[in-house]
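What follows is a single structure, written as structure tokens, with notes after it.
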Amino acid sequence: MKVARLIPCPQADLLNITLRLLLNLSFDRDIRAQIVRIGLLPKLVELIDDENQRLICLCLLYHLSMDDRTKGYFTYTKCNQQLMKLVIDCKEERPEPEVIALAINLALNPGCAEQLCDYKHGKGLKLLMKRAYKYKDSLIMKMIRNISSHASFDIKNQFISYVGPLGETLVTEKDEGFLTEVVGTLANLTIPDIDYQALMDEYGLVEWIKKKLKPNAADVELTLNVVVLVGTLCADDACAEVLAKSDIIQILIELLHAQQEDDEIVLQICYVFYQLCFHKSTRNVIIKKTEAPAYLIDLMQDKNKEVRRVCDITLEIISVCIILLFISSECDPDWASRIKVARFRNHNQAWLETIEGQ
């Protein structure tokens, strides 16, 4: 790529034209890979400090950050530190959209997320939280949410002190964009040290959850994130029991019926049922008092492979429990037979279609 020789270039106009050419070319994935391969990434990052080239350079870096394999290469540059400085030290209420867009993308990479948190000797997350809440900035909150999505203990552990404020935000925040990101952040915090039952009790989250899961809710994205949060809460035995006793299962069934065309909501509801099946008290509620098994059986025919997979695992757990309950005369064995047939059809669908076609 001959234009690489012009980056950097002492002539500002020529450099700007070259960057614009690269930006246009970078819509092509192969060109993006080539830009990284020939070593232009560190040179482009250096140009962030040049105010005359910053905007076009950030746009180009954003394109490069769209490829997951490329995100990791940013950790070998000072890009994450530069972005944090531009976000935290911004004098305006909102940072430049090109800055925050790149930061949001890079926060999805574990290595980049750690570098963002390490800003100013480990104060990165604290500074981001402070700014996000000061200006109710949903984009910075999305960046924080992406950081929270990683399994790293060092990252997760930094969020423990923010669980209370995040929980309070759920019941007080009116801005649904900001609220959605807060819900998503809490849903990512699968940390054993968090007392989620105390959080639910302190802020009355059970009633809040039931209110947000109405089938006709206008904000589908918020609804989806609340379902994911329920799945996180249901990993805790005490929380799962409280939620099951509050008719949350029936509410989810109604939501499942209303949003049956939305694969992601269907999948996350199935995951909640899966989590509930790990606890004896809630498992029995699902089997004895709801139609959840029937819906799971129907979803074994869903076109989405991941939905079928989660349903299959959940039904396997339920079928074993039904047999045990039947032995103790506590459950109708018909459920076990129906589940067995549904799982057989799912695992042997191709063979059955061949036989039926003969």
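The values are calculated or read from the model by the stated rules, or taken from the named source; none is laboratory data. Quick caveat, the model's predicted, so the values are computed rather than measured. Note that we place each Cβ from the backbone using ideal geometry, even for glycine, and neighbour counts take in every protein chain shown.
Within segment 6-32, count every residue that is modelled with pLDDT under 95 and of a type in the set (Gly, Ala, Ser).
1
Show the residue pairs meeting these rules: Cβ distance below 8 Å; 6+ apart or different chains; first residue within segment 62-80 and under 20 Å from Asp28 (Cβ atoms); second residue aromatic (Phe, Trp, Tyr) and in a helix (DSSP H, G or I).
Here the result reads Ser65/Phe74, each pair linking segment 62-80 to a residue that is aromatic (Phe, Trp, Tyr) and in a helix (DSSP H, G or I).
Given the criteria within 26 Å of Cys112 (Cβ to Cβ) and modelled with pLDDT of 95 or more, does Pro192 qualify?
no
Tell me which residues, restricted to segment 147-163, are within 24 Å of Val206 (Cβ to Cβ) and touching an Asp or Glu at 6+ places or on another chain (Cβ under 8 Å).
Answer for segment 147-163, where residues must be within 24 Å of Val206 (Cβ to Cβ) and touching an Asp or Glu at 6+ places or on another chain (Cβ under 8 Å): just Ile160.
Identify the residue in segment 57-100 that is under 21 Å from Ala4 (Cβ atoms) and aliphatic (A, V, I, L, M) and, among all such residues, is nearest to the chain's Cα centre (by Cα).
Filtering segment 57-100 for residues that are under 21 Å from Ala4 (Cβ atoms) and aliphatic (A, V, I, L, M), the one nearest to the chain's Cα centre (by Cα) comes out as Met66.
Here are some conditions: (1) under 30 Å from Ala218 (Cβ atoms); (2) out of contact with any Gly (no Cβ under 6 Å at 6 or more places or on another chain). Gln158 meets all but one. Which one does it not meet?
Of everything listed in (1) under 30 Å from Ala218 (Cβ atoms); (2) out of contact with any Gly (no Cβ under 6 Å at 6 or more places or on another chain), Gln158 misses just condition (1).
Taking the options Ile35, Ile88, Ile100, name whichever one is more than 28 Å from Met129 (Cβ to Cβ) and either touching a strand residue (DSSP E or B) at 6+ places or on another chain (Cβ under 7 Å) or surrounded by 15 or more Cβ atoms within 10 Å (Cβ to Cβ) (or both).
Ile35
Being surrounded by fewer than 18 Cβ atoms within 10 Å (Cβ to Cβ) and of a type outside the set (Lys, Arg) is the filter here, so list the residues in segment 38-47 that pass it.
Ile38, Gly39, Pro42, Glu46
List pairs: first in segment 285-309 and more than 12 Å from Gln260 (Cβ to Cβ), second aromatic (Phe, Trp, Tyr) and modelled with pLDDT of 85 or more, Cβ under 9 Å, 6+ apart or cross-chain?
Between residues of segment 285-309 that are more than 12 Å from Gln260 (Cβ to Cβ) and residues that are aromatic (Phe, Trp, Tyr) and modelled with pLDDT of 85 or more, the close pairs are Ile286/Phe273; Ala292/Phe273; Pro293/Phe273; Leu296/Phe273.
Take the residues in segment 270-318 that are hydroxyl-bearing (Ser, Thr, Tyr) and surrounded by fewer than 19 Cβ atoms within 10 Å (Cβ to Cβ), then tell me which one is farthest from Glu254 (Cα to Cα).
Filtering first and then ranking leaves Ser281.
Return the total of residues in segment 197-216 being surrounded by 14 or more Cβ atoms within 10 Å (Cβ to Cβ), within 28 Å of Tyr135 (Cβ to Cβ) and in contact (Cβ under 8 Å) with a residue 24 or more places away in the chain.
The number of residues fulfilling the criteria is 5.
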